[in-house]
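The next block holds one structure in the form of structure tokens; read it before the comments.
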Amino acid sequence: DPKASGRAGETIELFNGEDLAGWTPWLSDSSVDPSTVWSVADGVLRCEGSPAGYIRTNECYEDFILELEWRFDPARTGNSGVLMRATGPDRIWPRSIEAQLMHRNAGDIWNIGEVPMRVDPARNEGARTRKALPCNEVEPGGWNRYRIVLDGGELALEVNGELQNAASWCERVAGHICLQSEGAAIEFRRIRLTPLLR
């Protein structure tokens, strides 16, 4: 039953606030030192946004609640995203389900690589399924909160406490979680995952 809920396991801190332990960076330009793109200071994970790429968890996850906070520099907002159940070779972009982080578009779903899923046809634009409600992000420079539930075939995206999007019959496969480097500086903190046991 794809709508049957999993049982919550013990919450894991995916980001320890001190370094990139548990994560592997990948950049489209292999000549660039990843430490110039991804850095940690004061409990915050910072991405400079260029070149394009991501950091991915070393472990793979299938069913979970993922909670994190993010913010853009108020002087230059832009794009990023959270990729889930990412599989296959490193590339721009691996097959996955994306929870969009582009400024004013948080809550959109992007289907990368034609992952089987069922979305609202009224809001679907090919690979993109627009969020259901008006933008509820805080002003640039402030922290936003994502709560992402990927449980069996069910996906739910909550932005700052509001359910912005959902999908069903999502393909079930264990994959990496990735944070994108996609053109703009962005910061992350409090990245926690609660496994859902099925």
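Here the dipole of the chain is about 460 debye; that uses its Cα centre as origin and unit charges on the Cβ of Lys and Arg (positive) and Asp and Glu (negative).
Shown is the FRET efficiency for Ser28 and Asp73, computed with R0 = 25 Å from the Cβ-Cβ distance and rounded to the nearest 0.05: 0.70. When only the Cβ of Lys, Arg, Asp and Glu is charged (+1, +1, -1, -1), the dipole of the range 130-177 relative to its Cα centre reaches about 60 debye.
Using +1 at the C-beta of Lys and Arg and -1 at the C-beta of Asp and Glu, which of Trp93, Pro34, Asn16 has the Cα lying farthest in the positive direction of the dipole of the chain? So the residue we want is Trp93. Comparing Arg76, Arg130, Arg172 in a Gaussian network model of the chain where C-alpha atoms under 10 Å apart are linked, the largest mean-square fluctuation is found at Arg76. Note on the chain: GNM, Cα springs under 10 Å; of Leu150, Leu66, Leu133, the largest mean-square fluctuation is that of Leu133. Coupling constants for the range 116-123 follow from the phi torsions by the Karplus curve (6.51 cos²θ - 1.76 cosθ + 1.60, θ = phi - 60°), and in residue order they are x, 6, 10, 10, 5, x, 5, 10 Hz; glycine and proline get x. Among Val159, Val138, Val173, the largest mean-square fluctuation in a Gaussian network model of the chain, built with springs joining Cα atoms closer than 10 Å, belongs to Val138.
To put it simply, the accessible area of the chain at a 1.4 Å probe is 47 percent carbon and sulfur.
Accessible area per residue for the chain, computed on protein heavy atoms with a 1.4 Å probe, is 46 Å².
The values are calculated or read from the model by the stated rules, or taken from the named source; none is laboratory data. What you are looking at is a predicted structure, and each value in this text was computed from that prediction instead of being measured. Counting neighbours? That spans all protein chains shown, and the Cβs are built from the backbone with ideal geometry, glycine included. The protein model used for the area step is the full one, side chains on, heavy atoms only, and it has no ligands, DNA or RNA in it. Shrake-Rupley method; radii C 1.70, N 1.55, O 1.52, S 1.80 Å.
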